[in-house]
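Laboratory data are not the source of any read-out in this text; all were calculated from the coordinates shown. Not measured: the values here are computed from a predicted model. In this analysis, Cβ positions are derived from the backbone assuming ideal geometry, glycine residues included, and neighbour counts consider all displayed protein chains.
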Amino acid sequence: MHIDALVAEIGSTTTLVNAFSVDNQNPMFLGRGVANTSVDTDVNIGLKLAILDLCKNMDVDEITYSEMFASSSAAGGLRMTVHGLVYEMTVRASQEAALNAGANIHLVTANKINKGNLDEIKEINPNIILVAGGTDYGEKETAIFNIERILELNLNIPIIYAGNIENQKSIKKIFETANKGKYLKIVENVYPRVDLLNILPLRKIIYETFEENIIHAKGMERIFEMVNEKIMPTPGSVMESTMILYENMGNIMTIDVGGATTDIHSIAIPSDDFKIFQEGEPLSKRTVEGDLGVFINHKNVVKLFKNNEFFEKIGLKNEKIEEIFINYSYIPQNSIQKKIVLELTKKCMNIALNRHVGDTKRVFTSSGQKIIPQGKDLTQVESVILTGGALINLDNTEKIINDYIQKNPTKLLPREGVKVYKDNDYIMASVGVLSLKYPSIAYKLLKKSFRIE
């Protein structure tokens, strides 16, 4: 059987291959194959096994394809370090752009790098280092200092410069002198002037750099023997799907509860009442809770419950943690495990939303009491999308977000009754990378997954 497009999602433990028809009139999600990821040897082994599983699931002897796209979070995903000037300005802008692109940020520094920072960079061994600093025609010294110190580490790592444009010629010369020119990427300033975040150009160059250098990750050396189209970080692909939805459906939020992390993506214009307070907040925002997951990090989440609250919620008393998690898997096998995953999912969502969404506070001024917003305003969000294994496979998970809205009246949340959709086909990560070539088809596929007529 011939397939128009396959999209591989290469995770640290599991590789999925999703099959799509990309007919413009009636694109379709055709099926999925799953196998263990073979990143320790050759990732193509896992890809081929996933395609064999897809053959079995589609009841065909063989599958050929025209195009294969991929997203990857294997080998630690996209590990980045970010280095800027002022934390609340260039550092924050750089961090937002890197998170938008799907990076896992392992180190953030403000001002000049010190020896301790350099030691951390060596230990982290990032895939990409991002250096910014200074508004256009503003401060120049810090970014140049930081790049010179990083180059002294002699790491074969791409460095992206997204700072003061006045530094671009000097930085090119530094790289040429150090004979490291091929590892330098220069892009528009991510923070060209105060309270202006210029995220999109930097996000694009992060994607390109990730794709060019993915072959250096363990087991990825031969990935382009099978993948003949775009490859990008999996969380970045979810953000791309969210952007397609924003363009077609308006202000939106995507909640992705996974086995290891909980990610929230939002793209929303603030309300007129709060717009004046939103300077410096990005239109598109991603937050990552790297310790909140319902499988790999379930022990971290259990510790967040008070006293015996967790056991009471799942209907067990005086049970040992080790006993109730025997044979526990990401896909619950019985009613107790379903209760466990549901309570863990609620906790992950609630904490992630607390950190992602802005809040209001009352202040007293000479003209009386006022309500002042702080953080991202999502009051204008019209649709909430739920994705990730737990949220799409458990029943009535839409109730979690509605309950959270009711219980947090001061938060800058969508209104009660906001439309909540499930990514029923579990394709947001695949469709995001597919959208780089087929944006209109991507939206049609997402509508079908959400069961929107």
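Put a dot 7 Å past the Cα of Asn156, heading toward its Cβ, do the same for Asp359, and the two dots end up 4.8 nm apart. Between Ile276 and Asn26, the contour length at 0.36 nm per residue exceeds the Cα-Cα span by 85.7 nm. Neighbour counts of C-beta atoms inside 10 Å place Cys348, Cys55 in the sequence Cys55, Cys348, starting with the fewest. With contributions of -39500 (n - 2.57) from each DSSP H run of at least four residues, the per-residue ellipticity at 222 nm computed over the chain stands at -10500 deg cm²/dmol.
Over the range 1-74, what is the relative contact order in whole percent, taking alpha-carbon pairs under 8 Å and six or more residues apart? Reported as a whole number, the value is 41 percent.
Have a look at the DSSP beta bridges in the range 77-216 and tell me what percent are antiparallel, nearest 5. Restricted to the range 77-216, the bridges split so that about 5 percent are antiparallel. The alpha carbons of the chain stretch over 66, 60, 50 Å along the principal axes, in descending order. For the chain, the membrane-span-like helices by this rule, meaning whole DSSP H stretches whose C-alpha atoms cover at least 20 Å of axis and whose Kyte-Doolittle mean is -1.0 or above, are 43-58, 199-213, 234-249, 335-356; this says nothing about an actual membrane. The lysines within cross-link reach of Lys173, meaning a Cα-to-Cα straight distance under 21 Å and a gap of 8 or more places when in the same chain, are Lys112, Lys140, Lys182, Lys185.
Of all DSSP beta bridges confined to the chain, the antiparallel ones make up roughly 50%. Only Cα pairs under 8 Å and 6+ residues apart enter the sum, and on that basis the relative contact order of the chain stands at 15 percent. Multiplying the residue separation of Ser12 and Ile336 by 0.36 nm and subtracting their alpha-carbon distance yields 113.9 nm. Of the trypsin sites (Lys or Arg not before Pro) found in the range 31-116, those in coil by DSSP whose Cβ has at most 15 other Cβ atoms within 10 Å are Lys112. Taken over the C-alpha atoms, the range 233-449 has Rg and Dmax values of 18.5, 62 angstrom. Note on Lys204: aspartates and glutamates with a C-alpha under 12 Å away, same-chain residues under 8 apart excluded, are Glu188, Glu240. Each DSSP beta bridge with both residues in the range 9-164 is either parallel or antiparallel, and the antiparallel ones are about 40%.
Taking a Cβ cut-off of under 14 Å around Arg451, the surrounding Lys, Arg, Asp and Glu residues balance to a net charge of +1, with basic ones at +1 and acidic ones at -1. In plain terms, the chain from Ser66 to Lys303 could stretch by 80.5 nm, reckoned as 0.36 nm per residue minus the Cα-Cα distance. For the range 86-233, the Kirkwood radius over C-alpha pairs fed into Stokes-Einstein at 20 °C and 1.002 mPa s yields D = 137 µm² per second. Along the chain, the longest continuous region that contains none of the chymotrypsin sites (Phe, Trp or Tyr not before Pro) in a DSSP loop with at most 15 other C-beta atoms within 10 Å is 138-304. Over all distinct Cα-Cα pairs of the range 114-184, the Kirkwood formula returns a hydrodynamic radius of 12.4 Å.
Restricted to Cα atoms, the range 2-75 shows a radius of gyration and a Dmax of 12.0, 41 angstrom.
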